[in-house]
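Input: a single structure, listed below in structure tokens.
The values are calculated or read from the model by the stated rules, or taken from the named source; none is laboratory data. From a predicted model like this one, the values you see are computed outputs, not experimental measurements. Note that each Cβ is placed from the backbone with ideal geometry, even for glycine, and that neighbours are counted across all protein chains shown. To get the accessible areas, we keep the full protein, side chains included, count just its heavy atoms, and leave off ligands, DNA and RNA. Shrake-Rupley method; radii C 1.70, N 1.55, O 1.52, S 1.80 Å.
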Amino acid sequence: MIMVINTLIGKFYATVKEELKEVYEILSIPYARANRFEKPRKIEKYTDDEIINRRESICFPQRRIPKFVTKFFKNPLVRPEFMVNDDIQTEDAFVVNIWTSEFKGKKPVLVFIHGGGDNGSGTVPIYNGSRIASKGIVVVTLNYRFGILGGLPVYDENGLNANRGALDQQTALAWIKENIEYFGGDSNNITLMGQSRGALSALNQFLNPMSSKFFDKLILCAALPVPIIEADEAERDYKEMLEKNKLPDYNALKTLPLRKLRRLKIKNIVNEVIDGDFYKENPRAIFDKGEFSPKPMLIGANSDEFTMFYMPIIFNRLGIVKKEENLAAALLERYGNYGEIMKNALESESKNLVDLQFKIMEMVAFHTISYKLLEKFSRTSPVYGYRMSYVPDIFDGIRGAYHGAELAMFFGNYEKMKILLTEKNKYEMEKLQTDWLSFIRSGTIPNCKYYNTETKQIIHYKNEPEMISFPHADIVEKVSKLDSYEILFKKFFGVKS
């Protein structure tokens with residue numbers, strides 16, 4: 001049922017979720033304005049007597065994958081629950097979406113940043129916050145620019161203009177901090193959560209001194225690395241892009257029809273440029289120097305993150321070898337002497353030769369990053385580590401605890417995956433939810449220990465949650481010296497964003 005809600009900042013369309021203790025879903029609340037390539041301007045006041053938001057969900061422009069096509073891929077990330085096929089696409093999608101059980105009181109707040117790199121939305125079905133809101137949490141998802149619109153460095157009349165996606169996120173966080181109390185939230189108890197590229201975004205917001213003031217706790221799920229370039233490199237790339245696409249200047253780029261904008265020949269699209277604005281210095285330098293404010297954190301990854309790429313059609317592109325006699329040379333070329341070390345450590349845990357290579361890539365890309373974050377942040381902050389090994393009952397479990405599987409568990413949206421919620425999965429979902437909701441409420445998880453650099457204990461979600469030592473910590477410590485983005489995402493995948 002759609003109704004109009006009156007608040008102190010204005011009127012909103014809201015859908016009442018009566019089956020979940022009258023949870024209200026308020027979609028498409030504008031937090032900023034900006035034309036193409038402009039930096040966001042936060043909305044300070046809304047027009048009196050006009051309903052502020054739209055009834056329908058919206059997202060920034062992106063390529064759609066037809067639903068009938070996804071039926072042929074046994075890949076959870078291209079299933080309908082991760083798609084935005086029902087959203088209206090617009091370049092004016094600067095919105096937050098809120099789920100709350102009531103508009104009174106001061107409930108803990110969860111703000112979620114979606115991943116995707118060049119797609120996604122806060123209204124992807126798997127992120128629906130209704131079930132979490134029914135447990136006394138105010139859930140907020142936000143939309144931000146990505147790809148060309150959010151990440152392409154350009155030069156306008158004011159000089160370098162970059163990191164618009166990060167600036168959108170920062171502006172949304174400021175809006176939430178100022179206004180969430182009107183939706184029943186506690187502005188002094190906000191947890192920022194991100195997954196995959198969204199986890200990297202959340203991390204960069206934490207490392208930004210201004211953004212860090214807008215939230216109190218941090219959850220990072222399977223953070224991914226991306227390159228960070230200097231302003232002079234961005235300027236060279238920008239000029240080359242104009243010349244290559246026969247564009248005379250910035251105005252020609254700005255007024256290009258969207259369909260032509262998507263077809264531009266671009267060397268690189270990044271969200272991270274040392275621009276003197278959002279990034280006054282390299283966030284990696286801030287991380288290394290420890291110049292950040294301590295906050296309670298929950299950091300980890302799933303056991304089978306890389307099965308999202310387990311498609312034989314791209315094995316050659318991934319550098320996967322299928323013959324045992326070719327493995328040693330392939331590992332040496334890719335990882336140097338670390339290849340043999342990882343092979344020896346992971347061989348007994350692997351099903352076959354291909355699975356072994358995927359486990360090695362998981363270690364380099366995801367588990368090493370989680371380890372580095374835990375080692376650094378635990379020196380100054382109360383930090384929990386986790387490894388999620390719960391396997392959703394989908395595709396007969398062949399994807400394992402895949403990239404994004406923790407989101408179905410945490411948000412409790414199995415029905416949106418159109419799979420049977422088994423008693424086993426229901427039990428696992430309740431265990432993970434109980435722990436993570438406790439962290440969102442208080443920054444603590446009962447019966448679990450904080451990570452420290454001596455014992456290296458993390459929570460393992462497999463059967464009953466238990467504390468274990470970080471798997472292969474001695475190997476991961478060595479592998480952490482590798483540049484995982486350069487080795488995996490750039491060299492082997494050709495990923496540009």
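Can you pull out the trypsin sites (Lys or Arg not before Pro) in the range 363-394 that DSSP calls coil and that have at most 12 other Cβ atoms within 10 Å?
Sparse-neighbourhood loop trypsin sites (Lys or Arg not before Pro): Arg379.
Scanning the chain for helices, which whole DSSP H stretches are 30 Å or more long along the axis (Cα) and average 0.0 or more by Kyte-Doolittle?
Passing helices, by number: none.
Once the convex hull of the C-alpha atoms of the range 205-270 is built, how many Å³ does it hold per residue, rounded to a whole number?
158
Give me the one-decimal nm value for the distance between modelled label points at Asp92 and Arg262, 7 Å along each residue's Cα-to-Cβ direction.
2.1
With a cut-off of at most 10 other beta carbons within 10 Å, and DSSP calling the residue loop, which GluC sites (Glu not before Pro) in the range 378-476 qualify? Please list them.
Glu454
Eigenvalues of the Cα gyration tensor times 5, then square-rooted: what semi-axes does that give for the range 279-399, in whole angstrom, largest first?
Here the semi-axes work out to 31, 19, 13 Å.
What's the extension gain from Arg379 to Glu50 if we count 0.36 nm per residue and subtract their Cα-Cα distance?
In short, 113.5 nm is gained.
By average Cβ neighbour count within 10 Å, what is the ranking of 116-122, 45-51, 168-174, 280-286 from highest down?
Ranking, from highest mean packing down: 168-174, 116-122, 280-286, 45-51.
Going 7 Å from the Cα of Asp186 in the Cα-to-Cβ direction, what parts of the range 93-136 have a backbone nitrogen less than 11 Å from that spot?
106-109
Rounded to the nearest whole Å², what accessible area per residue is found for the range 97-185 with the 1.4 Å probe?
23
Report, in listed order, any pair from Lys107/Lys416; Lys106/Lys416; Lys217/Lys289; Lys295/Lys351; Lys42/Lys462; Lys177/Lys478 with a Cα-Cα distance greater than 32 Å.
Result: Lys295/Lys351; Lys42/Lys462; Lys177/Lys478 exceed 32 Å.
How far, in nm, would the chain grow between Ala231 and Glu423 when pulled straight, counting 0.36 nm per residue and subtracting the alpha carbon separation?
Length difference between fully extended and current span is 63.8 nm.
Rounded to the nearest Å, what's the spacing between the alpha carbon centres of the range 225-245 and the range 157-178? Just the number, please.
Here the answer is 20 Å between Cα centres.
So for the range 123-179, averaging the separation of alpha carbon pairs under 8 Å that are six or more residues apart and normalising by length, what relative contact order in percent results?
Computed value for the range 123-179: 24 percent relative contact order.
Using only the Cα atoms, what convex hull volume per residue in Å³ does the range 359-497 have?
142
How much accessible area per residue does the range 315-416 have, counting only protein heavy atoms and a probe of 1.4 Å, in square angstrom?
38
Could you work out the per residue convex hull volume over the alpha carbons of the chain, in cubic angstrom?
Dividing the Cα hull volume of the chain by its residue count gives 150 Å³.
Going by average Cβ density within 10 Å per residue, which order do the peptides 97-103, 27-33 take, highest to lowest?
Answer by packing, highest mean first, reads 97-103, 27-33.
Counting only protein heavy atoms and a 1.4 Å probe, tell me what percentage of the range 279-384's accessible area is made up of carbon and sulfur.
Reported share for carbon and sulfur atoms: 52 percent.
So what is the relative contact order for the chain, in percent, with contacts set as C-alpha pairs under 8 Å and at least six apart?
Dividing the mean separation by the residue count of the chain yields 14 percent.
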